[in-house]
Each structure stands twice: as C-alpha cells, then as structure tokens.
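One structure is given here, and the rest of the page talks about it.
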C-alpha cells in the first residue's frame, strides 16, 4: 500500500467508516474500524491480559517495560472502535533488519483479519528502514503460519528448543523472513 492510500485510509476512517458503522452496523467490518497507535506504558494492564490469554509462558510486565527503553523497538496497540485494546505488537528495527518480537491478538477477535492488518502496518513502517523482516513462530501455531505465508514470508531456518513447552520440554521456532526491498 502506498503512502497516499495509507493517508486516505486514515482520513476516511473518521469521515465514512465510523458513520456507516453506526448507521448501518453490518456494512463495516471490525477490521475497517480498528486503529493502530503507539503503545503507552498505561496500556500494559490490557496488553498483559491478552498476553496471558494467548501464551502458557507469557512475557512479564518487566519484559514489556524493557521494550519501551530500547531505542530500536517500536511498540504498538490495536484498538477497536470503542478504544478497547484487542492486540499489540513489538517490533525491532535496526541494521537494515526488522524483527517482529511479539504480536498477539485477543482470542475473542482472532480470525477476523486483525492480525493481517497489524502485520501489514508493521511491514509498511519497516520497509522505510529495513531490507528484510524476520520473525519466529511455533510450528504448532498453524493459524499464524498461514497468515505469514499469505503475507509472503518464507521459512529460512529453525531454532531448536526456542520456546518453553509443557512438562519442562522445549518447542522449536520456525524462522520466517520477508524481503522488504522487493515490496517498496
């Protein structure tokens, strides 16, 4: 999506989508109404709730706080039309690479396209500063793998025993990459 379309989408949100959502509730999807904005420290209670819903071994509050300190990190939340946080992402960009450190959508709204919209946003902002985007995903997370494949990510490696798993076991991480230079 080019810059003009990005600006157009932001402008038409308030003028058209919100109006149509109120007058004709079934005419606009939830994905059209969500907004992405920079994460603030006061968002952490909401972020931590989503993290705990999705992961057996969630990040702690201190890990998220460290993400605000790192100068190469970009932290985002996704809000629905009532300003409830329904997703978040942590992105690192530096040395020509972008790395999706964490992305999570509230289970109540998964499968509606919100993850796709968030990833598209991360790709767009990364394309200005990076040549390649990387991420790790559990092989058992087939929904996420399907999304990343649709977005053009390719498997480039495997990290053995990367994630904690049940009974003290470890689960591998599939390393995926997307060449950004070919997109922009």
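Values quoted throughout were computed directly from the atomic coordinates according to the rules given, and no laboratory measurement underlies them. Being a predicted model, the structure only gives us computed values, none of them experimental. All Cβ positions, glycine included, derive from the backbone under ideal geometry; neighbour counts span all protein chains shown.
With Cα atoms defining each centre, region 86-145 and region 30-44 are spaced 14 Å apart in the structure. If the Kirkwood radius is taken over C-alpha pairs of region 50-111, then at 25 °C and 0.890 mPa s the Stokes-Einstein diffusion coefficient equals 194 µm²/s.
Scattering from region 110-184 was approximated by placing one identical point on each alpha carbon and applying the Debye formula without solvent; log10 I(q)/I(0) at 0.14, 0.20 1/Å stands at -0.49, -0.89.
Between residue 49 and residue 72, the C-beta separation translates, for a Förster distance of 35 Å, into a calculated FRET efficiency of about 0.85.
Going from the fewest other Cβ atoms within 10 Å to the most, the residues 99, 40 appear in the order 40, 99. Each residue in 78, 67 was given a count of other beta-carbon atoms within 10 angstrom of its own, and listing them fewest first yields 67, 78. Is region 34-179 best put as rounded, prolate or oblate by its Cα gyration tensor, with a ≥ b ≥ c the root eigenvalues, rounded for a/c under 1.5, and otherwise prolate when a/b is larger than b/c, oblate when not? Verdict is rounded for region 34-179. Subtracting the Cα-Cα distance of residue 116 and residue 40 from their residue separation scaled by 0.36 nm leaves 25.2 nm.
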